Amino acid sequence: MLVYRIVHKKYADTLFASGLAGRWNSEGKKVLYTSESISLAYLENMAHRRGFGFNTDFRVMVIEIPSKLPFPEVKLSDLPKNWRSFRNYNDCQKIGDDWFDESEFLYMKVPSAVVMENCNIVINTLHTHYKKVKLLDVLDFYPDSRLEEIIKRFK
């Protein structure tokens, strides 16, 4: 299965996880956040950057993960009503931390907080099968400045 990640070019040549806390992991849990499409990866980044800060210094990482491995999927029905709120990160982190600590599955599929009908793939970089995850390509990324201009109008 191909997944995508948009990062600054200085981080684009390696599958590195910082261990910083995110929606689906608490501090120290080294995971990679990826998306099922380049467009979702872009929207996720726009949300985290509050719409600003893209330029031609960013790259799209094309990553292959073994699709024949079993994986859990977090469904919207599994989540509390306000799971998308920043105040409810703990609920999602609990799910992600349990998955990470059990280390049974290399990755899990989770709904995107930006577009709930689409999914992100969270990869456990400490899992024994992580060596099977491959960086296939790094593509140039040309963000559309019109999106930043739209967001600027509403700030």
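All of the numbers you see were taken from the coordinates with simple rules; none came from a lab. Computed from a predicted structure; not experimentally measured. Note that we place each Cβ from the backbone using ideal geometry, even for glycine, and neighbour counts take in every protein chain shown.
Things to note:
- Label-to-label distance for M116 and D98 is 2.0 nm, based on points extended 7 Å past Cα in the beta-carbon direction.
- Under Karplus coefficients 6.51, -1.76 and 1.60, residue-wise ³J(HN,Hα) of region 118-135 in Hz, glycine/proline x: 10, 10, 10, 10, 9, 10, 7, 6, 9, 5, 4, 8, 4, 5, 7, 7, 10, 7
- In the elastic network of the chain, a GNM with C-alpha springs shorter than 10 Å, the most mobile of L32, L79, L135 is L79.
- Loop-located trypsin sites (Lys or Arg not before Pro) across region 50-130 with a Cβ neighbour count of 11 or fewer within 10 Å are R50, K68, K75, K81, with loop assigned by DSSP.
- Nonlocal Lys pairs with alpha-carbon distance under 17 Å, region 58-139 (8 or more apart, or different chains): 8
- Taking GluC sites (Glu not before Pro) in DSSP loop conformation with at most 16 other Cβ atoms inside 10 Å as exposed sites, the chain has its longest uninterrupted site-free stretch at 28-103.
- Cα-derived Rg to Rh of the chain, Kirkwood definition: 0.96
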